[in-house]
Amino acid sequence: MNTLNIGGSQLDTSWFLLLSAILFVLGAVGVLVRRNPLVILISIELMLNAANLTLVTFSRQLQNLDGQLFALMSMTVAAAEAVVGLAILVDIFRTRDVEDVDELSELRG
Amino acid sequence: MAIAVFFVAAAMAVLGGIGVVTFRQPIRSVLSLVLVMLALSVLFLLLSAQFIFAVQIIVYAGAVMVLFLFVIALLGPARELGRGRLRFQTWLSALFVLVLLGLMWSLFQGAHYRQPDKTDMSFFGTVQSIAVGLFTTYLYPFELTSILLLVAAIGAIYLSRKNIDDL
């Protein structure tokens with residue numbers, strides 16, 4: 001019941017979901033462990049991609065196109081997020097070299 | 001055949017994901033992420049999402065990643081320092097993340113999905129069917145997306161000006 005018939009062969013839905021979970025977790029590790037702000041942005045992109053894979057997988061499992069449309073929306077949001085994030089980064093890097101996001105603590109009260 | 005394609009693409013994606021996290025130089029992380037995106041696009045094709053496949057390659061692997069590469073080229077080769085003073089955080093985060101993975105795994109182990117809709121699978125995921133969804137049911141969110149992109153573009157231009165008096 002939880003298998004997808006793709007080109008005559010049976011693929012389990014949970015394989016796709018497990019792969020997506022692994023990618024999401026890798027992205028979370030990147031956000032938590034890495035300290036270069038650029039790499040943190042890249043890891044966020046990885047997590048968004050993993051979420052997209054889940055959306056498309058469920059869209060195929062339920063044979064409902066809404067999941068694919070939502071994946072498109074999430075791609076748009078991810079592109080906007082990357083643009084604004086990188087613009088902020090370039091603005092910060094213009095004044096000084098940041099090798100550790102923990103150095104950016106001017107907003108601390 | 002499809003199973004072999006799945007496992008090759010999945011292995012590429014996981015290796016790329018490990019590369020994103022472990023490489024010291026940001027440019028290698030970006031190139032690993034491109035590998036992940038290409039592998040994911042193959043999986044989208046397996047899941048009969050042709051349009052998402054094309055968008056993934058053109059917009060994500062093409063545009064967004066080139067943007068990252070441009071920024072890295074602009075900022076010069078930045079290296080990450082060695083481990084910081086909060087070394088235990090690394091292990092703590094690894095522990096938390098493993099718990100999260102186990103949680104997700106146990107969640108969809110015993111999952112029962114609802115009965116699939118009776119959709120004509122010959123048109124599933126084509127440009128035509130996506131367009132019908134975007135321009136009928138989801139017209140309003142689709143139009144809002146254009147405002148989001150406009151706001152992001154204006155914000156990026158505003159942030160990257162030379163000094164306050166420029167605008």
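The values are calculated or read from the model by the stated rules, or taken from the named source; none is laboratory data. Bear in mind that the values here come from a model prediction, so they are computed numbers and not experimental data. No Cβ is skipped: glycine too gets one built from the backbone with ideal geometry, and neighbour counts run over all protein chains shown. Heads up: the accessible areas ignore ligands, DNA and RNA and are worked out on the full protein's heavy atoms, side chains in. Shrake-Rupley method; radii C 1.70, N 1.55, O 1.52, S 1.80 Å.
Is there a residue being part of a helix (DSSP H, G or I), surrounded by fewer than 17 Cβ atoms within 10 Å (Cβ to Cβ) and more than 22 Å from the chain's Cα centre (by Cα) anywhere in the range A:93-100? Yes, the range A:93-100 contains at least one residue that is part of a helix (DSSP H, G or I), surrounded by fewer than 17 Cβ atoms within 10 Å (Cβ to Cβ) and more than 22 Å from the chain's Cα centre (by Cα).
On the stretch given as the range B:3-34, residues that are surrounded by fewer than 17 Cβ atoms within 10 Å (Cβ to Cβ) and not in a helix (DSSP H, G or I) total 2.
Every residue, every condition in (1) basic (K, R); (2) modelled with pLDDT under 90; (3) open to solvent by less than 20 Å² (accessible area, probe 1.4 Å), yes or no:
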{"position": "A:T3", "(1), (2), (3)": "no, yes, no"}
{"position": "A:G7", "(1), (2), (3)": "no, yes, no"}
{"position": "A:D12", "(1), (2), (3)": "no, yes, no"}
{"position": "A:G30", "(1), (2), (3)": "no, no, yes"}
{"position": "A:L55", "(1), (2), (3)": "no, no, no"}
{"position": "A:Q61", "(1), (2), (3)": "no, yes, yes"}
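Scanning the range B:37-57 for any residue that is under 24 Å from B:S160 (Cβ atoms), touching a residue at least 12 places away in the same chain (Cβ under 8 Å) and within 8 Å of another protein chain (Cβ to nearest Cβ) turns up nothing.
The one condition from (1) out of contact with any Leu (no Cβ under 8 Å at 6 or more places or on another chain); (2) in a helix (DSSP H, G or I); (3) of a type outside the set (D, E, K, R) that A:Q63 does not meet is (2). For the range B:15-31, the condition holds for no residue, the condition being that it is at the interface with chain A (Cβ under 7 Å from one of its Cβ atoms) and within 18 Å of A:L69 (Cβ to Cβ).
Considering only residues in the range B:73-91 that are at the interface with another protein chain (Cβ under 7 Å from one of its Cβ atoms) and modelled with pLDDT of 65 or more, the one that is nearest to A:N52 (Cα to Cα) turns out to be B:T90.
When the range A:37-76 is filtered for residues that are under 28 Å from A:D102 (Cβ atoms) and without any contact (Cβ under 8 Å) to a residue 24 or more places away in the chain, the ones remaining, listed by number, are A:V39, A:I42, A:S43, A:L46. Looking only at residues in the range B:110-167 that are over 18 Å from A:M75 (Cβ atoms) and of a type in the set (D, E), the one that is surrounded by the fewest Cβ atoms within 10 Å (Cβ to Cβ) is B:D165.
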